[in-house]
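Novice: Following this message is one structure expressed as structure tokens.
Bear in mind that the values in this text are calculations on the coordinates, not laboratory data. A quick note: this is a predicted structure, and the numbers were derived from the prediction, not measured. Because the Cβ atoms are built from the backbone with ideal geometry, glycine has one as well, and the counts that use them run over all protein chains shown.
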Amino acid sequence: MVSTNVKLAVENVSKTFRVRGGQYSDDHLLPVLRRVSFDVYEGEIVSLIGESGCGKTTLLRIVQGLVRRDAGQIRVDGKPVAGTGRDRGFVFQQANLLPWRSARANVEFGLELQGVPRRKRGERAQALLELVGLGPAGEQFPHQLSGGMQQRVNLARALAIDPAILLMDEPFSALDAQTREVLQLELLRVQAETGKTILFVTHDLDEAIYLSNRIVVMGARPGRIKRIIPIPFGYPRKDLPELRGEPEFQEIRRNMWELIRNAPPIAA
Amino acid sequence: MSQQAVAPEPGNANSVAGVEPETELASEDAEELAPPSGNSRLRIVRVLSIIGVIGAWEILGRQVDPLFMSYPSAIAVAATQMIATGELLIGLTSSLRTLVVAFFIAAVVGTALGLLIGRYRMVDAATDWLVNALYATPLVAIIPLVILWFGLGNTAKTFIVTILALFPILINTTAGVRNVPKQLIDVGDAFAANERQIFTKIILPSALPYMMTGLRLGVGRAIIGMVVAEFFTAITGLGALIVKYGNQYDTASMFVPIFVLMLLGIGLSLAVRRAEEWIAPWKATEE
């Protein structure tokens, strides 16, 4: 499924935050990303993983255009991007559904902004709700939906605008373990059906191995790439519990854990 | 009409507007959680309390000189007379006309200004001192001045009611715009919404529950403004009736417009609350 077309190119992206000093300290600069570069190929699932503070979420938000980069370039389908755009679909960590809209109207949100006619966007929303397994729940409001269902709507909303790439920011981290596994499986199914390219941020090693073609392991202070690990398992994948039992899985997991843990001491 | 007491201060408008729905939620939960038998028992207690208080008033009220105090049956008699002569209806319509017109103006102006102040820092900087000063002033104090400007007619009354109802609406709307969750704005940004779309599709609906709270508080203040204005101008309306019968030492008749005002307050607050639940149903069940 994975082609050799580069769908997303992250080139030398750097970012420094200015941290406001308090009463006893001056303002100081906090480098969060230093010269990060990697490619994501068409149809690929790539995970960004690393300890907290490694800038993985910031990087994802930079790719989306929600955070401005200080240096470097982002290309989608070879074209440099500036700011946000509907060529990238964002799946938020907290579902962030608009509470006054039904599930269907939430899925329609991006299409509405584009000015797609009501009938057409209704049909598209329904198709996507069915894709994420929420066919009959379109008229429900977010507060009537469980956390897992909200995340399904969140995913459908991002898919509705038919983005070139899907950016997912720890979308399952707030769910209970069982729901998380169900949704991981669902995501793989949806990806297989749509062929979407996905960049996925997580801090869950098993999740990263289970979902990804490749894993970008990042280190902190400043955030940078430590290694890119290819995952040898094919798609469709076995169930996570089964896969977890395989020695190869354990081996990758152990290596990755070492890689993440062996962070250099914090520079004062 | 107890909301008047908690009309938000300019400084902590956020907290007041934000806290109110929670207390409502809590009381609703408590009622729902009570077992059905307890519920009907509560209703019996309530009915007994009503009968007890009104009965005690009837008995004790008869002991007092009718100049100072009246009692329910005498008030009922006075009410039928005032209804028969048409006096009550004329007073009520006059008051309501002022109230409706003034409240409408206050709602439109207050909401529009509140949206601008909440969204644009510049507008806020230019106006916050004025809003705070006017909100802190007990505006009934300027009624004599208003009468000097507009005379004793409807214009003066409308002006007073408008200005009293305006500030809770304006301040709550501002708070609503400021309290739009950052994550929801992020959603708009992520889907490349333009400024107008962010305003109409995110900020406005998100601020709506606050605006409705402002309207509810505004209704209470509007009724106060109306009565006080009618005390001063004393020509038409329920307030004028109170003054008239007060001057005639007809205490029973004086109570009639007071009761009508009470019913008006309850009815209008209830209507706005229903509208709140209808317009922003998601707020009732959200934390």
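Novice: Report the residue, chosen from B:Ala234, B:Ala125, B:Ala78, that carries the largest GNM mean-square fluctuation when chain B is represented by alpha-carbon nodes joined by springs under 10 Å.
Specialist: Per the Cα network of chain B with a 10 Å cutoff, B:Ala125 tops the list.
Novice: Given bins 10 angstrom wide, list per bin the percent of all Cα-Cα distances in segment B:74-285, short to long.
Specialist: In whole percents, the pair-distance histogram is 8, 29, 29, 19, 10, 4, 1.
Novice: With a sphere of radius 14 Å drawn around the Cβ of B:Pro257, what net charge do the other residues whose Cβ falls strictly inside it have (Lys, Arg +1; Asp, Glu -1)?
Specialist: After counting each charged neighbour, the total is -2.
Novice: Suppose only helical runs count, i.e. DSSP H with n ≥ 4. What mean residue ellipticity at 222 nm does that imply for chain A under -39500 (n - 2.57) per run, divided by all residues and rounded to the nearest 500 deg cm²/dmol?
Specialist: Taken over chain A, the calculation gives -11000 deg cm²/dmol.
Novice: Per the Debye formula with a single identical scatterer at each Cα and no solvent contribution, what log10 I(q)/I(0) holds for the protein assembly as shown at q = 0.12 Å⁻¹?
Specialist: -1.16
Novice: Quick check: Cα centre of segment A:15-70 to Cα centre of segment B:219-247, how many Å?
Specialist: 63
Novice: For the Cα atoms of chain B, what angle does the longest principal axis make with the long axis of helix B:237-247, in degrees from 0 to 90, nearest 10?
Specialist: 40
Novice: Still on this structure, please answer the following. Which lysines, on any chain, are close to A:Lys79 with Cα under 25 Å apart, when same-chain ones fewer than 8 places away are left out?
Specialist: Result set, ordered by chain and number: A:Lys7, A:Lys15, A:Lys56, A:Lys196.
Novice: In a GNM of chain B with a 10 Å cut-off on Cα contacts, which of B:Asn39, B:Asn247, B:Asn132 has the highest mean-square fluctuation?
Specialist: B:Asn39
Novice: Against the longest alpha carbon principal axis of chain B, how many degrees, from 0 to 90 and to the nearest 10, is the axis of helix B:204-233 turned?
Specialist: With rounding to tens, the tilt is 30 degrees.
Novice: Let me ask something else about it. What nm value, rounded to one decimal, do you get for the distance between A:Thr179 and B:Ile185 when each label is placed 7 Å out toward the C-beta?
Specialist: Going from the A:Thr179 label point to the B:Ile185 one covers 2.8 nm.
Novice: Provide the FRET efficiency to the nearest 0.05 for the B:Asp124-A:Glu246 pair, computing r from the beta carbons and using R0 = 60 Å.
Specialist: So, using R0 = 60 Å, E works out to roughly 0.50.
Novice: Related question: Which distance in nm do the two modelled labels at B:Ile83 and B:Ala56 give, with both placed 7 Å along the Cα-to-Cβ direction?
Specialist: For B:Ile83 paired with B:Ala56, the spin-label model returns 2.8 nm.
Novice: So for segment B:74-285, if I pair up every lysine 8 or more residues apart or on another chain, how many of those pairs have alpha-carbons under 23 Å apart?
Specialist: 4
Novice: Something else about it: What number, rounded to the nearest 500 deg cm²/dmol, is the helix-based mean residue ellipticity at 222 nm of chain B, given -39500 (n - 2.57) per DSSP H run of at least four residues and division by all its residues?
Specialist: The helix-only estimate for chain B comes to -27500 deg cm²/dmol at 222 nm.
Novice: Ranked from highest to lowest mean number of other Cβ atoms within 10 Å per residue, what is the order of the peptides B:48-61, A:106-119?
Specialist: A:106-119, B:48-61
Novice: So if R0 is 25 Å, what FRET efficiency would B:Leu263 and B:Arg41 give, r being the distance between their Cβ atoms, rounded to the nearest 0.05?
Specialist: Using R0 = 25 Å, I get an efficiency of 0.35.
Novice: Given springs between every Cα pair under 10 Å in a Gaussian network model of chain B, which of B:Val243, B:Val45, B:Val227 has the largest fluctuation?
Specialist: Judging by the Gaussian network model, the answer is B:Val45.
Novice: Here is a follow-up. Enter the angle in degrees (range 0 to 90, nearest 10) between the Cα long axis of helix B:87-119 and the first principal axis of the Cα atoms of chain B, meaning the one along which they spread out most.
Specialist: Between the helix axis and the principal axis of chain B, the angle is about 20 degrees.
Novice: A follow-up question, please. Using bins 10 angstrom wide from zero, how does P(r) for segment A:85-126 break down, in % of all Cα pairs?
Specialist: 28, 55, 17
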